[in-house]
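Scroll down for the structure; my scribbles are underneath it.
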Amino acid sequence: MKDTPIVWTIAGSDSGGGAGIQADLHTIAALGGYGCSVISAVTAQNSVAVKLVEAVSDEMFLSQLQVLAQDMPAKIIKVGLLSTVSHVNILTEFLQGMSESGNKPYVIYDPIAVASSGQSMADNGLQDAVINQLLPYIDLLTPNADELEEFTQVVITSSHDIRRSAKVLLDKGCRSVLIKGGHLELVDDLCMDFWTDGEREIVLGSPRIDSDHKHGTGCSLSSAIATALAQDFPIEDALVLAKAYLNQGLKAATGKGQGPGPVAHLGWPENPQDFPEVILPGSELGRLLNLQGELEEGEGFASCDTLQLGLYPVVDSVQWCQKLLDMGITTLQLRIKDQPEAEVEQDIIDAIALGKKYQARLFINDYWQLAVKHGAYGVHLGQEDINDAVLPQISRAGLRLGISTHGYYEMLRAKKIRPSYIALGHIFPTQTKDMPSRPQGLERLAKYAALVPEMPTVAIGGINLERAPAVWQAGVGSIAVVTAITLADDPQAVVTAFNEIMAS
Ligand SMILES: Cc1ncc(COP(=O)(O)OP(=O)(O)O)c(N)n1
Ligand SMILES: Cc1ncsc1CCOP(=O)(O)O
Ligand SMILES: [Mg+2]
């Protein structure tokens, strides 16, 4: 319990239980966080109407913030309903103090000025206070299209409007914006969410879910993002996970009263059908949205003809390839880093010839043009590599493609390209490569592997004989290793031991 990350929700109480504090706490608990609440207002509402909204006193509002800060500091703060200008001022000052002392957590603000039933819950002038004071302390603002229009006065009819309004908010000081697609009508059947921090853009789409029971969707989504961030998922993965959580909850939602019912809270999403698709820049929608880049779905890559690629050594010389092939290895990679093409071409030719002689699946890392030129079995590329490579050239030449991924978002992006396998890493700390991401660990590995049952998966990073049984249990189809073999006193014995583990 001690290591369950603390997430604060600063929001209004919904007596109907479907939104506000109640939805937030359900979501935070369902996704493995510990929720603390700062109640900004009490609402008397049911599924049909909001009868009364009563803000708590300024003293009570501030006091909740202070006592929590003293004893239960937040890893992430989610803010929902703020109904008075003085609450906005108090919160702004509080966050400013945290910021000045260098310990302001990441803050998500899901603006709620108008209830879905239409009744206003906020003071006049609140919006100005938010825009002019609070926004510089907000790391992520999550408006829907209506709230966005209210905030920016930009009417959203095109992707240009989305960017323009996001820029208005970023210019006011918030660090990033997620424009939720629930009310966006740009694409008929797709509920599309657009995130930007002014540099990067992420667009996630899911089929619209036809349900009468959508109460608390905004609260649940922003709390899900907060809880994922509190568990150190990067923002792109938090967005994916939160959307999957919401889709899962919307599909299972049922009415509890006469009116619209709440989103269901069912725990960590695992069904691939609930996960959104990543909109690629080269897709029809990506072009409509003017997304930067070329990546497109294409025709997919040749299959490896098995989901189980087995032990997959990654080595840096033809000599190692020869040695491993002699030991009976059937999947391997030549990974020579950062050399001029002319210097590696002969090694690549020799490794490809060896792979063919032994009828092995020999992948060439990075040097995709040479791999195509010399007819390799396959190519392995990382996240940056796939932005630069001309993927249709690789697929048309009939080469297999393996792609490195480091979390939900990259996996879903890679999946759209229909590669021959997806590598998941790094699982444990590794000395072999400087990794910008954190080690994923076994729990996440199992979740990722279950998301792509139709595709071969490869676990990589810090895997040795001791760790291999648990990695294998996580359900991957292959284990890739560098130093476990290349630094072993007896590589043959290590290969035999890995094979035994993976045969069970
Ligand atoms: C099987 C496998 N998985 C991951 C990688 C890493 O590829 P990448 O992220 O492009 O990094 P470099 O290996 O190029 O440094 C890999 N090579 N093989
Ligand atoms: C190339 C690469 N990509 C992710 S981790 C890694 C290195 C794995 O090496 P090791 O098995 O020695 O940890
Ligand atoms: Mg690479």
Neighbourhood net charge (15 Å Cβ-Cβ; Lys/Arg +1, Asp/Glu -1) for residue 196: -1
What would the Debye formula give as log10 I(q)/I(0) at q = 0.11, 0.12, 0.13 Å⁻¹ for the alpha-carbon point model of the chain, no solvent? -0.93, -1.05, -1.16
At 1.4 Å probe size, with the rest of the protein present, what percent of the exposed accessible area of the chain is carbon and sulfur atoms? 48
Cα convex hull volume per residue for the stretch 228-275, in Å³, equals 78
So, over other residues within a Cβ distance under 14 Å of residue 495, counting Lys, Arg +1 and Asp, Glu -1, the net charge is -3
Hey, quick one: spin label on residue 342, modelled 7 Å out along Cα-Cβ, who in the stretch 363-392 has an amide N within reach, i.e. under 17 Å? 370
Provide the gained length on full extension for the span residue 149 to residue 357, in nm with one decimal, where the gain is 0.36 nm per separating residue minus the Cα-Cα distance. 68.5 nm
Summing -39500 (n - 2.57) over every DSSP H run of at least 4 residues in the chain and dividing by its residue count gives a helix-only mean residue ellipticity at 222 nm, to the nearest 500 deg cm²/dmol, of -11000 deg cm²/dmol
I need two numbers for the stretch 171-313: Rg to one decimal and Dmax as a whole number, Cα atoms only, in Å. 17.4, 61
Alpha carbon Rg of the stretch 396-487, scaled by the compact-globule rule 2.2 N^0.38 Å: 1.04
Would you work out the relative contact order for the stretch 6-289, in percent, from Cα pairs under 8 angstrom that are 6 or more residues apart? 18
Please compute the net charge surrounding residue 358, taking Lys and Arg as +1 and Asp and Glu as -1 over other residues with Cβ under 12 Å from its Cβ. +3
Heads up, the stretch 310-503 by the C-alpha gyration tensor (a ≥ b ≥ c square roots of eigenvalues; a/c under 1.5 rounded, else a/b over b/c prolate, else oblate) looks oblate
Under 16 Å from the Cα of residue 433, which lysines turn up, not counting those fewer than eight places away in the same chain? 337
Rg (Å, one decimal) plus Dmax (Å, integer) for the alpha carbons of the stretch 6-289? 17.5, 53
So how long is each side of the stretch 7-165 along the principal axes, counting just the alpha-carbon atoms, biggest first, in Å? 46, 38, 32
How much of the DSSP bridge set in the chain is antiparallel, in percent, rounded to the nearest 5? 25
Using the beta-carbon distance between residue 316 and residue 212 and R0 = 56 Å, what value does 1/(1 + (r/R0)^6) give for FRET efficiency, to the nearest 0.05? 0.40
Quick calc, the chain, dipole around Cα centre from Cβ unit charges on Lys, Arg (+) and Asp, Glu (-), nearest 20 debye, gives 820
Checking the cross-link filter: which lysines have an alpha carbon closer than 18 Å to that of residue 104, excluding same-chain neighbours under 8 positions apart? 75, 78
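The values are calculated or read from the model by the stated rules, or taken from the named source; none is laboratory data. Treat the numbers as computed from the prediction; the structure is a model and nothing was measured. Note that each Cβ is placed from the backbone with ideal geometry, even for glycine, and that neighbours are counted across all protein chains shown. Surface areas here come from the heavy atoms of the whole protein model, side chains and all, with no ligands, DNA or RNA. Shrake-Rupley method; radii C 1.70, N 1.55, O 1.52, S 1.80 Å.
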